[in-house]
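**Q** I am attaching a structure below and will ask some questions about it afterwards.
The numbers here are math on the coordinates, done by the rules we state, and not lab data. Keep in mind the model is a prediction, meaning the values are calculated, not measured. Because the Cβ atoms are built from the backbone with ideal geometry, glycine has one as well, and the counts that use them run over all protein chains shown.
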Amino acid sequence: MKNYLNVGKVVNTHGVRGEVRVISRTDFPEKRYAKGNTLYLFKQNDDKPIELKVTSHRVHKNFDLLTFEGFDSLNEVEPFKNGILKITDDQLHELDKNEFYYHEVIGCVVETIDGEEIGKIKEILSPGANDVWVIQRKGQKDALIPYIEQVVKEVDVENKKVKIELMEGLL
């Protein structure tokens with residue numbers, strides 16, 4: 001059974017030549033949307049994905065615009081709206097040291113370097129210079145932890161554990 005990972009959402013069509021407007025959910029759009037790459041489109045209430053081969057990629061405003069082999073008109077791509085574009089986990093590439101895929105970090109238990117458990121990472125935000133990890137805490141509001149060297153001291157994705165150094169004002 002294949003595992004699929006989300007790389008973007010088709011939010012609209014663009015023009016009349018089969019281009020779709022995508023809100024990207026990947027740190028590697030140049031790799032994921034490269035000409036010739038395969039993406040899998042999952043439409044709402046549909047278990048079986050549509051396999052698509054990318055024929056073009058360009059960036060327009062805050063969107064990635066894609067076209068796919070065999071889909072050359074607005075009418076053919078209209079049904080793709082609100083679909084989620086995914087890749088299979090065998091399409092992943094090796095990352096550098098201290099780089100992680102979102103799916104590896106989400107679900108990790110976060111504790112201080114003293115061993116005090118804070119909660120679990122439930123989401124990752126990418127607002128600007130660095131990612132922010134959203135930590136779900138028991139009986140308290142979520143904590144926002146910046147992914148920076150001064151805070152995140154150790155990430156062990158195999159054992160789903162993250163150690164952080166609490167800085168003043170973080171929690």
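**Q** Over the range 7-69, how many percent of alpha carbon pairs lie in each 10 Å bin up to the one with the longest distance?
**A** P(r) over the range 7-69, rounded to whole percents: 23, 59, 19, 0.
**Q** Taking the Cα atoms of the range 102-164 alone, what are Rg (to one decimal) and Dmax (as a whole number) in Å?
**A** Rg then Dmax for the range 102-164, in Å: 10.7, 30.
**Q** Arrange the following residues from fewest to most other Cβ atoms within 10 Å of their Cβ: Val109, Val10.
**A** Lowest to highest Cβ neighbour count: Val109, Val10.
**Q** Something else now. Mean separation of Cα pairs under 8 Å and 6+ residues apart, divided by the residue count of the range 1-121: what relative contact order is that in percent?
**A** Details: 223 pairs, mean separation 35.0, N = 121.
Reported as a whole number, the value is 29 percent.
**Q** Would you mind checking the pairs Lys86/Lys138; Lys2/Lys141; Lys9/Lys31; Lys86/Lys163; Lys31/Lys120 and listing those with alpha carbons more than 27 angstrom apart?
**A** Violating the 27 Å Cα-Cα cut-off are Lys86/Lys138; Lys2/Lys141; Lys86/Lys163; Lys31/Lys120.
**Q** Using θ = phi - 60° and the Karplus curve 6.51 cos²θ - 1.76 cosθ + 1.60, what whole-Hz ³J(HN,Hα) does each residue of the range 159-171 get, with Gly and Pro shown as x?
**A** 3J(HN,Hα) across the range 159-171, in whole Hz: 9, 6, 10, 10, 10, 10, 9, 6, 9, 4, x, 6, 9.
**Q** Suppose we take every Cα in the chain and form the convex hull; what volume per residue is that in Å³?
**A** Residue-normalised Cα hull volume stands at 147 Å³.
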